[in-house]
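Read-outs: derived from the displayed coordinates by stated rules, not from any lab. This structure is a prediction, so every number in the text was calculated from the model and none was measured. Counting neighbours? That spans all protein chains shown, and the Cβs are built from the backbone with ideal geometry, glycine included.
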Amino acid sequence: MPDTVTVDLADVRARARAAFVGLAVGDALGAPVEFMTAAEIRAKHRVHREMTGGGWLHLRPGCFTDDTEMSRCIARAVDAAGGFDLRGIADALSAWMRGRPVDVGSTVRKGLRSYILDGQLETPPNEWDAGNGAAMRTLPVALLALGDEALLDRCQVAQAHLTHNHPFSDAACATLGRMAQLAVLGLSMVRLRREADLLVERFPAFRFEPYRGLATGYVVDTLQTVLHHLFTTRSFEDCLVATVNQGGDADTTGAIAGAVAGAYYGLDGIPRRWLRRMDTAALAELERLAVRLVDLSPLARAR
């Protein structure tokens with residue numbers, strides 16, 4: 001990473017914890033309005049800003065979905081292996097899918113079935129694999145690869161290609177990984193914006209100004225929604241409320257925004273009333289895994 005920063009490892013660990021908790025909170029906040037339009041959300045809630053539960057999955061308040069569950073699977077596999085282990089990650093994700101989770105995306109299901117049946121660790125390139133199913137699970141790799149940009153790029157592509165092999169998905173995973181790292185390191189929103197602008201320079205399809213208002217599972221729409229609201233709000237709560245009220249794939253846009261905004265604003269920025277509706281044991285595990293990932297990273301090991 002080109003920026004020269006003075007690293008306070010205690011602060012990095014705290015921000016990593018906030019990132020993982022933020023991911024789960026954003027997922028749980030957005031899930032009840034997933035697949036609704038912005039107009040439908042306004043008609044039902046005016047503004048959706050509480051952990052209501054419900055939605056098409058009939059979730060309990062504070063319950064998260066596949067975005068957090070897959071990220072947790074990857075973190076657990078890395079924890080068990082003491083480093084990046086693609087086959088261990090594939091085994092963990094496959095076991096999760098076999099457990100009949102509340103939701104599994106079709107492209108994720110297809111890729112994991114190929115691994116289960118054929119041991120395939122890389123799905124072939126496919127023009128239809130530009131969904132957000134790999135981008136939603138970038139955070140654990142970003143934390144593990146702190147301090148080594150080449151490791152970040154290599155591992156993000158590897159985890160993505162288990163299920164999604166498309167240039168847009170690859171680019172989204174790389175950008176989100178770098179943005180999460182920058183936020184965890186305590187860098188400015190200006191620096192995060194520079195990373196987003198680099199993505200748009202390389203892939204103009206991701207241009208998010210002017211914002212088109214689309215929040216589908218297409219990874220381009222997902223990132224446009226996350227980036228627009230991340231850069232036009234000034235708090236974790238405002239960012240998450242604005243993001244999920246866009247509707248569409250709201251659990252995923254909420255999870256991704258929550259990870260980056262959580263790292264940037266810290267645990268104190270996450271509303272207590274939201275945290276009180278979450279599973280405290282699950283959040284404690286996510287915080288423990290976040291610290292473990294940081295401690296396994298080249299950044300921590302070099303100290």
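Largest GNM mean-square fluctuation across 251, 129, 238, computed for the chain with C-alpha springs under 10 Å, falls on 238. For residue 189 and residue 95, the FRET efficiency from 1/(1 + (r/R0)^6), where r spans their Cβ atoms and R0 equals 51 Å, is about 0.85. For the chain, the Cβ-based charge dipole about the Cα centre amounts to some 640 debye (Lys, Arg positive; Asp, Glu negative; other atoms uncharged). The convex hull built on the alpha-carbon positions of segment 104-172 has an orientation-averaged projected area of 4.5 nm².
Start at zero, step by 5 Å, and the Cα-Cα distances of segment 135-288 spread as 1, 10, 19, 24, 22, 15, 7, 2, 0 percent across the bins.
Between residue 106 and residue 11, the FRET efficiency estimated from the beta carbon spacing at R0 = 25 angstrom works out to 0.05.
Full extension of the chain between residue 273 and residue 121 yields a length gain of 50.6 nm, computed as 0.36 nm times the residue separation minus the alpha carbon distance. Over segment 195-249, all Cα pairs binned in 5 Å intervals from 0 give whole-percent P(r) values of 4, 22, 32, 24, 14, 4, 0, listed from short to long. Each peptide among 89-96, 261-268 gets the average number of other Cβ atoms lying within 10 Å of its residues, and from highest to lowest they stand as 261-268, 89-96.
What is the projected area of the convex hull of the Cα atoms of segment 9-301, averaged over all directions, in nm²?
13.3 nm²
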